Amino acid sequence: MWTIQNRSEINFDKEFSPKVFTQPHVNDLIPLINNQDDERLHSFVDWIVNLNDAAKTNELKQATSKKNKKVKEREIIEKTFEIISKISASEIEFKEITQVSPPMIWLKTSDAPNGITLDLLAQGFKEIIGWIGYFIQRMVEAYPFASDFTEKSAIVLVDEIDAFCHPKWQLKLLNELQSAFPNVQFIVTSHSPLITLERDDNEIKELFIRLWTKLLKLINNNQLI
């Protein structure tokens, strides 16, 4: 899975250079390979803060030029939480940022319509927002000129996708991800049978380790390989 290395800076002004965007890199895989903790949620929070700052700056520019079109940064923020809401089956909407250092992001949810800070959300919500939000961040960074980042291609590796995931989320997680990102290939591992429901047989591979040889084996269509 893509993992955090550095804080991202983003600017959609037409004079920007593509070099300011973080492109896919082998370092994205290092925490996954080494089983290290990463900083996805912190990176996502920093990214949203940067996006919101850029959105407010460009909205002020639009106000002086009397343009009514929604700025791209604001569209990305709204799209991000729209996707997270669908996957978590809970309405989660960006409200405002009241503090930048340390960042304090306020969200509106069905349980807190007047707002709640992201750090006070239940752990399961923070886990979902962390890795899915970071995945969205990386898609936007990898395709800075795209009119719709959800239509772009990628290969995403997710280890133990069911971890910290409520059973009702496990049932729809892959379907919602594939619906939101139709051109992304998701390769995931899971210990939960709920993840495999509604999947075609050719989408599921069963792995096991022979205790006496310590070799990883693959079962494909009930055939040992």
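A few notes on this one:
- Residue-level accessible surface for Lys70, protein heavy atoms, 1.4 Å, Å²: 90 Å²
- Accessible-area ranking of Val188, Val100, largest first, probe 1.4 Å: Val100, Val188
- Backbone amide hydrogens, once placed in the peptide plane, bring Ile105 within less than 5 Å of Leu118, Asp119, excluding anything fewer than 5 places away on its chain.
- Charges were assigned to the Cβ only: +1 to each Lys and Arg, -1 to each Asp and Glu. The resulting dipole of the range 103-181 about its Cα centre is roughly 160 debye.
- FRET efficiency, 1/(1 + (r/R0)^6) with R0 45 Å, evaluated for Phe208 and Ser147 via beta carbons: 0.50
- Average accessible surface for the range 66-142: 48 Å² per residue, computed with a 1.4 Å probe over protein heavy atoms with every protein chain in place.
- Pairs from the list Lys70/Lys168; Lys70/Lys95; Lys152/Lys172; Lys70/Lys152; Lys70/Lys126 with a Cα-Cα gap above 25 Å: Lys70/Lys168; Lys70/Lys126.
- 3J(HN,Hα) from dihedral phi, the range 133-144, Karplus parametrisation 6.51/-1.76/1.60, rounded to Hz, x for glycine, proline: x, 5, 4, 4, 4, 5, 5, 5, 5, 6, 10, x
- The stretch between His42 and Lys69 holds 6.7 nm of extra length on full extension. This uses 0.36 nm per residue minus the Cα-Cα distance.
- The accessible area of Thr196, taken with all protein chains in place and a 1.4 Å probe, comes to roughly 60 Å².
- Accessible carbon and sulfur surface of the range 91-191 relative to its total accessible area, %, 1.4 Å: 52 percent
- In this structure the amide hydrogen of Phe181, modeled in the peptide plane, comes within under 5 Å of no amide hydrogen from residues 5 or more places off or on another chain.
- Area of Asp200 that stays accessible when all protein chains are in place (1.4 Å probe, Å², to 10): 90 Å²
The values are calculated or read from the model by the stated rules, or taken from the named source; none is laboratory data. What you are looking at is a predicted structure, and each value in this text was computed from that prediction instead of being measured. So basically every Cβ, Gly included, is an ideal-geometry build from the backbone, and we count neighbours across all protein chains shown. Side chains are part of the model used for accessible areas, which takes the heavy atoms of the whole protein and leaves out ligands, DNA and RNA. Shrake-Rupley method; radii C 1.70, N 1.55, O 1.52, S 1.80 Å.
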